[in-house]
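Shown next, in structure tokens, is the structure this report addresses.
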């Protein structure tokens, strides 16, 4: 069974410096039909204006993944970690027992466009942690490249949740299939472009939930960048 989540039906917040679309209920957007999917709790598509950002704030017991589409996102946290996240990078922050961090546009002139992703951890109260790795376009072209997993398989970043995150770039006609084990579910998010997912066409910002399916097949239609979550 595949259930569509059209981009146009997402929550939306416009704060001037921040333009944000919420796939699931978040902040002032509340929809009891869209509180998350399995361990996946948040997918926010954010555009932050130059020299602007999120001041220091605190998180606890959440696995937070940042995925930049355009520009640079500067990260600072109470663990002493600091970096700029750019396209191709995947950053994981385990909030665990508690961590404070800030996120600002690293550019003085251009907006940053990124996805903020939250997953419920498999265990509460773990020590906070941080990890960042780069996955090249060549690694993701025409295939689903594992970028986050519980066991760091294939050089992916480690997330403390029963979830695996794959990223792929698909030109027209390119396709890849991810087999799903019995009892597993999938969430597919098209970050940009157009793709077919199990025969259904999705555009930028569209998503689909899959349950009781043997596999997820992604086919490029027009310059697609796609994230696929394999979930318990």
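As a summary of the residue check, residue 132 satisfies the conditions (1) without any contact (Cβ under 8 Å) to a residue 40 or more places away in the chain; (2) assigned to a strand (DSSP E or B); (3) closer than 21 Å to residue 66 by Cβ except for the one numbered (1). For the range 189-207, filtering for residues that are over 13 Å from residue 167 (Cβ atoms) and either outside the structural domain of residue 165 (by TED's automatic domain parsing) or buried (at least 21 other Cβ atoms within 10 Å of the Cβ) (or both) leaves 4. Against the test of being on the phi < 0 side of the Ramachandran plot, surrounded by fewer than 17 Cβ atoms within 10 Å (Cβ to Cβ) and outside the structural domain of residue 100 (by TED's automatic domain parsing), the options 164, 143, 153 yield a single qualifying residue, 153. Number of residues in the range 162-180 that are under 14 Å from the mean Cα position of the chain (by Cα) and closer than 29 Å to residue 125 by Cα: the value is 5.
Do we find that residue 180 is free of Cβ contacts under 8 Å to residues at least 60 places away in the same chain, crowded, with 17+ Cβ neighbours inside 10 Å and more than 24 Å from residue 35 (Cβ to Cβ) in this structure? Taking the combined requirement at face value, the residue does not satisfy it.
Looking at the range 22-46, which of its residues are outside any loop (DSSP other than H, G, I, E, B) and either over 17 Å from residue 103 (Cα atoms) or at pLDDT below 95 (or both)? Of everything in the range 22-46, those that are outside any loop (DSSP other than H, G, I, E, B) and either over 17 Å from residue 103 (Cα atoms) or at pLDDT below 95 (or both) turn out to be 22, 26, 29, 37, 40, 41.
When 113, 101 are checked against the criterion of being assigned by TED's automatic domain parsing to the domain that holds residue 46, at pLDDT below 95 and crowded, with 17+ Cβ neighbours inside 10 Å, a single residue qualifies: 101.
Restricting the first member to the range 23-47 and to residues that are at positive phi, and the second to residues that are modelled with pLDDT of 95 or more, the beta-carbon pairs closer than 6 Å and six or more apart or on different chains are 36/24; 38/185; 38/231. The single condition among (1) within 19 Å of residue 40 (Cα to Cα); (2) surrounded by fewer than 19 Cβ atoms within 10 Å (Cβ to Cβ); (3) touching a residue at least 40 places away in the same chain (Cβ under 8 Å) that residue 159 does not satisfy is (2).
The values are calculated or read from the model by the stated rules, or taken from the named source; none is laboratory data. Predicted, not measured: the structure shown is a model, and the values here were computed from it. Cβ atoms come from the backbone with ideal geometry, glycine included; neighbour counts cover every protein chain shown.
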